[in-house]
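The next block holds one structure in the form of structure tokens; read it before the comments.
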Amino acid sequence: MSGFLDGIRCGECECNVDWGERRNAIASVAAGVLFFTGWWIIIDAAVKYPDEGQFHHAYHTCGVIATLAFLMINAVSNGQVRGDSYSEGCMGQTGARVWLFIGFMLAFGSLIASMWILFGGFVVPQKPVVYPGIAIFFQNAFIFFGGLVFKFGRTEDLWQ
């Protein structure tokens, strides 16, 4: 089921670009753009609404936790999680899996917290300005999806 789109041809192109060799570069650039966009949105909201009453500065915590989760998720390779290339260290494969699990829990937690801030802090109280809440949610969503693209969009076969 994973390769059901491999046989589809999208049209005749004379450029003949081999995307397999550029997969890691494309995934890295896409993840970087998503990560950058998330932080750019929240910086825009912080500059536009510097008043503590409109945009509480503690709401930046979700983005910091999402960034930490981004780093934790991508700190371990798929080979380490499978146990192919990592058997040493204090916990070995189990430690890599626990580290990845904690990273995903932080990523999902920050995304859920950003939704809670959006609805609990801006939509339900019917504040006149909702953009900071939307910015917090989109920051965390972009960082989350950037982490997923960077983790699963690259292939480790090209590293060897």
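The values are calculated or read from the model by the stated rules, or taken from the named source; none is laboratory data. Given the structure is predicted, the values throughout are model-derived calculations rather than measurements. In this analysis, Cβ positions are derived from the backbone assuming ideal geometry, glycine residues included, and neighbour counts consider all displayed protein chains.
Quick one: how many residues across segment 109-155 are in contact with a helix residue (DSSP H, G or I) (Cβ under 9 Å, 6 or more places away or on another chain), polar (S, T, N, Q) and free of Cβ contacts under 8 Å to residues at least 40 places away in the same chain?
The qualifying residues number 0.
Considering segment 75-98 alone, what residues qualify as being modelled with pLDDT of 85 or more and surrounded by 17 or more Cβ atoms within 10 Å (Cβ to Cβ)?
Those that are modelled with pLDDT of 85 or more and surrounded by 17 or more Cβ atoms within 10 Å (Cβ to Cβ): 76, 96.
Can you name every residue in segment 119-157 that is under 13 Å from residue 56 (Cβ atoms) and not in a loop (DSSP other than H, G, I, E, B)? Show your work before the answer.
First, the residues of segment 119-157 that are under 13 Å from residue 56 (Cβ atoms): 120-122, 125, 127, 129, 132-133, 135-136.
The answer is 120, 121, 122, 132, 133, 135, 136.
For the structure I just gave you, tell me whether residue 104 is free of Cβ contacts under 8 Å to residues at least 60 places away in the same chain, assigned to a helix (DSSP H, G or I) and over 27 Å from residue 50 (Cα atoms). Break it down stepwise before answering.
Working: free of Cβ contacts under 8 Å to residues at least 60 places away in the same chain: yes; assigned to a helix (DSSP H, G or I): yes; over 27 Å from residue 50 (Cα atoms): yes.
Criteria met by residue 104.
Read through the list (1) at pLDDT below 95; (2) within 30 Å of residue 119 (Cβ to Cβ); (3) part of a helix (DSSP H, G or I); (4) not acidic (Asp, Glu), then give the number of the only condition that residue 26 fails.
Among (1) at pLDDT below 95; (2) within 30 Å of residue 119 (Cβ to Cβ); (3) part of a helix (DSSP H, G or I); (4) not acidic (Asp, Glu), residue 26 violates only (2).
Restricting to segment 34-56, and then to whatever is part of a helix (DSSP H, G or I) and out of contact with any helix residue (DSSP H, G or I) (no Cβ under 8 Å at 6 or more places or on another chain), can you tell me which residue is surrounded by the fewest Cβ atoms within 10 Å (Cβ to Cβ)?
The initial filter retains those residues of segment 34-56 that are part of a helix (DSSP H, G or I), namely 34-48.
From what is left, the residues that are out of contact with any helix residue (DSSP H, G or I) (no Cβ under 8 Å at 6 or more places or on another chain) are 36, 40, 43, 47.
Working: 36: 13, 40: 13, 43: 13, 47: 9.
If we take residues in segment 34-56 being part of a helix (DSSP H, G or I) and out of contact with any helix residue (DSSP H, G or I) (no Cβ under 8 Å at 6 or more places or on another chain), then 47 is surrounded by the fewest Cβ atoms within 10 Å (Cβ to Cβ).
Specify which of the listed residues (136, 143) is under 22 Å from residue 78 (Cα atoms), under 17 Å from the mean Cα position of the chain (by Cα) and surrounded by 22 or more Cβ atoms within 10 Å (Cβ to Cβ).
Working: 136 fails: under 22 Å from residue 78 (Cα atoms).
Just one listed residue meets the conditions, 143.
Among the residues of segment 101-124, how many are surrounded by 21 or more Cβ atoms within 10 Å (Cβ to Cβ) and among the small types (Gly, Ala, Ser)?
4
Restricting to segment 62-76, give me the number of residues that are in contact (Cβ under 8 Å) with a residue 40 or more places away in the chain and either over 17 Å from residue 34 (Cβ atoms) or part of a helix (DSSP H, G or I) (or both).
Looking only at segment 62-76, we keep the residues that are in contact (Cβ under 8 Å) with a residue 40 or more places away in the chain, and these are 62-63, 65-67, 69-70, 73-74.
Next, only the ones that are either over 17 Å from residue 34 (Cβ atoms) or part of a helix (DSSP H, G or I) (or both) stay: 62-63, 65-67, 69-70, 73.
Summing the residues that are in contact (Cβ under 8 Å) with a residue 40 or more places away in the chain and either over 17 Å from residue 34 (Cβ atoms) or part of a helix (DSSP H, G or I) (or both) in segment 62-76 gives 8.
Is it the case that segment 89-100 has a residue that's within 26 Å of residue 118 (Cα to Cα), without any contact (Cβ under 8 Å) to a residue 40 or more places away in the chain and assigned to a helix (DSSP H, G or I)?
Going through segment 89-100, the residues within 26 Å of residue 118 (Cα to Cα) turn out to be none.
Within segment 89-100, not a single residue is within 26 Å of residue 118 (Cα to Cα), without any contact (Cβ under 8 Å) to a residue 40 or more places away in the chain and assigned to a helix (DSSP H, G or I).
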